[in-house]
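Written below as structure tokens is the structure these notes are about.
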Amino acid sequence: MSEIKNRNYLVDNLKVVLIFFVVFGHVIEFYIKDNYILRTLYVYVYIFHMPLFIYISGYLSKNFYKMKRKAIRNLLIPYIIFNVIWYTAVYIGTNRVMFSLVSPGWTLWYLLSLFFWRISLKYLVKFKYILIVSFIVGAIVGIFPSVGNTLSISRTIVFLPFFLLGYYTKEEDLFKISNFNKVLSKVGVVVFLFLAIYIVKTNLFDYKFLYYSYSFNDLDVSLLKGIILRFILYLSSIIFNICVISLVPNKKQAYSNLGKATMNIYVFHIYLVMLVYFFIPKWNISILGNILILTSPFLIIYVLSRKRVNKVYDGIFYPVNISIDTGKKSYNKYKKFKK
């Protein structure tokens, strides 16, 4: 009873809102080249959703000893298994052999980056001014062409400041942000929409710049412009995140329980998104098709938040977890025997 009473519903609600935008962003990604409005919405979402998602991940990683112990089981092994599943699906669908453990399949980079953040957090926080250093390194890493999607190194470095910001945020700090002026937050959300419109209309930069997995050279951006843009985006994401946190309810909502299913939704949603692409290959085919595209994220989240999907997820990892637990028991018996 006390666990329910003390549950942080603000975090649950934020996770639901963010996973919706993750799914929404991936659904419309396929159609943005043909539609100015969708491209604007895409840029708008990408300014804030992953920085805030990673900020919440950092906030939930305060017990880094516990997180480090569970990082292999909860993150690295799922990354490996789902990467194999993803590249197998790619082969079946396209007949192209693209398998690679060091190149994360589509959305799986987040699992690998989170693994690196959590196993290194204990050591990172020992460095004085690590937060400031992380912003500087994240801004300039794009000058190195060799740092890219391999092992998600680029994203791990560029998004690290948001993870650290979350780690350093106390619960009372989070609720202070939640109580930020609602009117100013609504104004901020609208202002950032106009910023996204300006970015797309003037072609200020390629939307792929927001992926943080490409070097400046890959996107034909000068070193100076790339560094300045990255600092501006850092600041914009922080301000935008404050606005979003302020506008998300901090009390239990009808959708709050969906926050417990974000991992299932994250790892499985790409396959349902691919079905949307398959059945609706182009935007503006019909009004019905466009409505189905825009409403599909709600359906995807609903389907993947069901308990049956959680059973599938647990079933995939049951043999792995049994092997790990058996190995630990055998090792513990071995240590006792040696003594």
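Read-outs: derived from the displayed coordinates by stated rules, not from any lab. Since this is a predicted model, take the numbers as computed values, not measurements. Cβ sites come from the backbone with ideal geometry, for glycine too, and all protein chains shown count toward neighbours.
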Binned Cα-Cα distance frequencies in segment 34-140 - 10 Å width, integer %: 13, 31, 33, 19, 4, 0
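For the chain, compute Rg over Rh where Rg is the Cα radius of gyration and Rh is the Kirkwood radius from the inverse mean 1/r over Cα pairs. Provide the component values of the computation, followed by the final result.
Numbers: Rg = 20.7 Å, Rh = 21.5 Å.
Rg/Rh for the chain comes to 0.97.
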On a 20 Å Cα-Cα criterion, which of the cross-link pairs Lys15/Lys201; Lys15/Lys128; Lys62/Lys208; Lys182/Lys251; Lys68/Lys176; Lys15/Lys252 come out too long? Lys15/Lys201; Lys15/Lys128; Lys62/Lys208; Lys68/Lys176
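Using mean Cβ contacts within 10 Å as the protection proxy, how do 287-294, 36-43, 162-169 order, highest first? Spell out each step's value before the answer.
Details: 287-294: 13.6, 36-43: 19.0, 162-169: 21.2.
Ranking the peptides 287-294, 36-43, 162-169 by packing returns 162-169, 36-43, 287-294.
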Here segment 50-59 yields Karplus 3J(HN,Hα) values (6.51, -1.76, 1.60; θ = phi - 60°; whole Hz; Gly and Pro given as x) of 6, x, 6, 4, 6, 4, 5, 4, x, 4
Cross-link reach from Lys282 to aspartates and glutamates, straight Cα distance under 19 Å and at least 8 residues apart if same chain, gives Glu29, Asp34
Karplus-derived HN-Hα couplings along segment 157-173 (A = 6.51, B = -1.76, C = 1.60, θ = phi - 60°), whole Hz, x at Gly and Pro: 6, 5, 8, 3, x, 5, 5, 5, 4, x, 4, 7, 7, 7, 4, 5, 5
Determine which aspartates and glutamates satisfy two conditions relative to Lys70: a Cα distance under 13 Å, and not lying fewer than 8 residues away in the same chain. Asp325
Extension gain (nm, one decimal) between Asn179 and Val97, 0.36 nm per residue minus Cα-Cα: 24.5 nm
Label-zone membership for segment 96-117, site Ile316, 7 angstrom Cα→C-beta point, backbone N under 14 Å: 105-112
Work out from phi, with θ = phi - 60° and the Karplus expression 6.51 cos²θ - 1.76 cosθ + 1.60, the ³J(HN,Hα) of each residue of segment 80-96, listed in order in whole Hz, and give x for Gly and Pro. 4, 5, 6, 5, 5, 4, 4, 5, 5, 5, 4, 5, 5, x, 10, 6, 9
